[in-house]
Amino acid sequence: MTKTKTAAPCGKESREPVVLSRAEHAISRRDVDPDALKVLYRLYRNGFTAYMVGGAVRDLLVGRTPKDFDVVTDAHPGQVKKLFSNCMLIGRRFRLAHIRFRGGKVIEVATFRKEPEPEMEPEHEARDPGEPEDLEAQGQAKHARTDNNSFGTPCEDAFRRDLTINALFYDISNFSIIDYVGGLEDIDQKRVCVIGNPHERYIEDPVRMWRVLRHAARLGFTIEGETARAIRLDRDLLCSCSGARLFEELNKDLSSGHVGPVFQALYDYGLLTVLFGKVGRALQETPGTWEALRRNLDVADARVRAGLPFPSEIVLSLLFWPWAEKVLSAGAGEGRDVHDALHDELQEAGLIVTIPKVMKASIVQTVTIVERMFIAMETGRMRWSLRKRSHYRDASFVFPLLFSGELSESPDPFGGMFREAHPSSSGPWNKKRSRWRGRRRRTGRGTGTGQTPSA
Ligand code: ATP
Ligand code: MG
């Protein structure tokens with residue numbers, strides 16, 4: 001479905017927002033985090049405009065529990081800092097206030113801003129009244145570049161955001177919802193729509209394509225026609241993004257409880273190959289592979305939603321398995337260590353997401369053990385030393401999912417499956433059991449057979 005959109009509407013004839021009074025919407029202060037309320041009220045009582053914005057307003061309107069609560073205000077960062085002793089200013093280009101509360105909770109407070117205009121020189125920037133002393137106090141004056149030219153009106157702030165459903169304001173002064181961009185209608189229509197021209201907005205920031213797919217997948221919304229079409233045309237723009245930033249995006253999905261639907265959308269829009277090179281191609285292009293993995297991801301999601309652990313490394317090991325299986329079955333080469341071979345292949349696999357070294361090492365270890373487990377199940381021959389490997393527990397968790405599509409809650413899922421499939425085999429749990437136990441006592445090493453995988 002296609003919808004008409006207006007671009008850059010906050011000029012001279014500033015656009016009138018749609019405003020829903022308290023009686024016309026379902027958001028109650030009871031649903032808002034008490035610390036976020038404290039922040040909103042303190043800003044308001046000190047004469048500033050204070051709105052709750054973004055994911056929190058969207059989620060409350062669709063009846064979901066928000067992950068975090070963001071605030072936007074006309075107070076400049078230095079003014080916010082003066083109001084809150086528990087405040088830290090972060091970010092160089094766009095300075096944000098982080099108000100910290102007990103338990104590591106952070107309420108992010110941003111100043112209304114507009115899209116920065118690239119031709120403006122820093123020395124022409126307006127002064128932020130609260131800024132200088134604050135920076136000097138921290139000895140940061142030389143390094144921080146306050147982007148005061150980017151401060152804007154509420155309307156400009158709404159239009160610089162990514163999606164219409166993410167640009168709604170909840171006004172603490174009268175509990176109304178303010179909509180400059182058509183977000184209320186899109187929530188009503190269960191539709192994700194980029195603000196402005198999607199192609200231009202993706203050029204500005206290609207990560208928005210991933211965000212469109214994520215939010216549509218999480219909420220079960222459709223994607224507006226042009227917003228969707230432009231993703232298929234512009235997906236290669238993601239190659240210009242920083243690998244570290246893309247990893248941050250990936251991380252949001254891995255443990256979200258919605259990794260299945262989000263990766264389904266990445267698959268449907270051909271983004272897996274763009275983001276994960278050969279690893280994505282193994283998922284995208286091998287018949288039946290994606291469907292099997294999708295079932296595994298749904299199991300992971302169900303576990304996360306039940307409040308049980310499912311570490312990101314394990315989700316990644318599942319995602320990497322089809323690629324790793326191909327590489328491993330081709331063999332490491334004469335006299336070459338299989339881990340080294342897999343590491344080298346991964347370097348050459350064309351991923352644009354930067355997976356941290358430790359995580360990569362963990363994935364390589366896990367998938368090599370998983371491969372041994374498949375061979376053991378096939379041949380009935382099992383090397384007992386496998387159980388002593390540091391990632392045995394993770395692999396033992398992944399294996400039943402790949403083998404049967406189910407998760408086992410047994411303390412040693414692979415051991416149980418192997419014993420059942422090969423009751424008379426000479427695996428470590430049968431004939432060699434006593435010998436193995438003896439060694440364990442001598443070395444004092446753990447067996448790694450706990451119920452949950454290592455975090
Ligand atoms: P989540 O539930 O995942 O936290 P969210 O919409 O709150 O969803 P955040 O990453 O917390 O996502 O971002 C907060 C808000 O910042 C968004 O709702 C959106 O208004 C704005 N935003 C985030 N990323 C972008 C972007 N790339 N371009 C424009 N606006 C963005
Ligand atoms: Mg958020």
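The values are calculated or read from the model by the stated rules, or taken from the named source; none is laboratory data. These numbers come from a predicted model, not from an experiment. Reconstructed Cβ throughout: ideal geometry from the backbone, glycine too, with neighbour counts over all protein chains shown. Heavy atoms of the whole protein, side chains included, go into the accessibility calculation; ligands, DNA and RNA do not. Shrake-Rupley method; radii C 1.70, N 1.55, O 1.52, S 1.80 Å.
Observations
- Cα gyration tensor category, rounded, prolate or oblate, for region 272-421 with a/c compared to 1.5: oblate
- Which listed pairs, of LYS38/LYS114; LYS38/LYS67; LYS252/LYS326; LYS360/LYS388; LYS105/LYS252; LYS81/LYS105, have C-alpha distances above 23 Å, in listed order: LYS38/LYS114; LYS252/LYS326
- Net charge over other residues, Cβ less than 11 angstrom from the Cβ of PRO322 (K, R count +1; D, E count -1): +1
- The residues of region 272-421 expose, per residue, 44 Å² of accessible area to a 1.4 Å probe.
- Gyration tensor verdict on region 223-346 (Cα atoms; rounded if a/c is under 1.5, prolate if a/b is larger than b/c, oblate otherwise): oblate
- Those GluC sites (Glu not before Pro) in region 295-334 that DSSP places in a loop and that have at most 11 other beta carbons within 10 Å: GLU334
- Within the accessible area of region 234-316 (1.4 Å probe), percent carbon and sulfur: 52 percent
- For GLU371, net neighbour charge (Lys/Arg +1, Asp/Glu -1) across residues whose Cβ lies under 13 Å away: +2
- Among LEU351, ALA341, MET382 - extreme Cα towards positive end, dipole of region 272-421, charges at beta-carbon: MET382
- Over region 272-421, relative contact order from alpha-carbon pairs under 8 Å, at least 6 apart, %: 25 percent
- Residue by residue, region 403-411 carries 3J(HN,Hα) couplings of 7, 10, x, 10, 9, 9, 8, 5, x Hz when phi is fed to the Karplus relation 6.51 cos²θ - 1.76 cosθ + 1.60 (θ = phi - 60°); x denotes Gly or Pro.
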